[in-house]
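Everything on this sheet refers to the single structure shown next.
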């Protein structure tokens, strides 16, 4: 695998990638090829970073036992975050709140994703922690171009120490996102967005775009 | 202009976009078409955001006087940041520090960029401020696909109030990045990155990737 190979494999037009990149939260258990994982990370590290420091580290979780353990931590963290908002079980999430139900299913099945890529910052400075986000977006776009589903998930602060211990992470490093990766159950598709006019101004806030 | 038109215009293969996307800091003064600006923002808002809140606002600065004023603020902010590090003028930046010299030139010429897109968060919460970063990366990739140069720049905290006043920004909104956009002086090209092995681990920190 070379950088050139990854560039060639990402042959899908940019527009097709971006405009059909719904978050994929339900994954098939089928394994993902090593070369696909490498291509995702090759694509990620092409992103810009503050002063080109490249403050990122990608920890790929593929071992079944490590995935199972991490899945348990993730599920616990997910429910801990909901408990902060008074939600203590599935019965507290309305059936019509499809995003929350889908996130719940994902949390419960997290350990079954064939691969989880932990996008880490190598220092705890704010500029380095936010500096890994453009690379994460590149990773998601590359996944879409390779037919792989993925989504960004956050870790609850209460499990930071458990995650650090599970993966032998050095002191200064931080997990910024956990990205489950696999072949999608269900389809890729467009996202729903507010009209462009609501999200734009020209020259002064509130003036419409030309 | 429709969303479909933007999708069709972004026909460059993803790999070609990502692997040739050097930061472009020197821009021609030639104007950028309205439809190009709209396409950049259409592409940006396809990015994911926390709970799909879409916490972004894109303020496009095109008016010559607003650009001039913003350019002055940016230059002042840039030098203020350098002063924090003991750098008070061009003579303090070594000729061999090409990134710093290039950033200095950009700061001095900022007001001459034909367009500056201010990527704003609509709330000052950390999750919303970081939530606009994936959209910013989409914007940069779309610029590359349309042959436009762009780069991410940060604002120094000391000028936040001046920027807010210049653009009539509402209280809760924050400028996260200022992105100058225009046709490049010089060429697009690949970036230099550390080897993949240094930025990756599998299953435990420090174990090589499969």
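Every number here is computed from the coordinates shown, using simple stated rules; none is lab data. Predicted, not measured: the structure shown is a model, and the values here were computed from it. Positions of Cβ are backbone-derived with ideal geometry, glycine not excepted, and every protein chain shown enters the neighbour counts.
Before moving on, here are some points about what is shown:
- Dimensionless Rg/Rh of segment A:94-210 - Kirkwood Rh, Rg from C-alpha atoms: 1.04
- Placing pseudo-labels 7 Å out from each Cα toward the beta carbon at residue B:72 and residue B:205 gives an inter-label distance of 4.8 nm.
- Segment B:83-105 and segment B:167-210 have Cα centres spaced 22 Å apart.
- Across all Cα atoms of the protein assembly as shown, the radius of gyration (one decimal) and Dmax (whole number) stand at 21.2, 66 Å.
- Cα gyration tensor, chain B - rounded (a/c under 1.5), prolate or oblate: rounded
- The ellipsoid that matches the Cα gyration tensor of segment B:150-206 has semi-axes, each √(5λ) in whole angstrom, of 35, 21, 8, with the longest given first.
- Simple label model, 7 Å out from Cα along Cβ direction - residue A:5 to residue B:87, nm: 4.0
- Out of every Cα-Cα pair that segment B:1-75 contains, those further apart than 21 angstrom amount to 47 percent.
- Peptide A:22-34 - average C-beta neighbours from other chains (10 Å radius): 1
- Temperature 20 °C, viscosity 1.002 mPa s: under these conditions the Stokes-Einstein estimate for segment A:76-115, based on its Kirkwood radius over C-alpha pairs, is 201 µm² per second.
- Per-residue [θ]222 nm for chain A (sum of -39500 (n - 2.57) over DSSP H runs n ≥ 4, rounded to 500): -11500 deg cm²/dmol
- Using a 7 Å Cα-to-Cβ projection, residue A:84 label spacings across copies, nm, ascending: 2.7
- Spin-label model distance (nm) - residue A:95 vs residue B:30, 7 Å beyond Cα toward Cβ: 5.9
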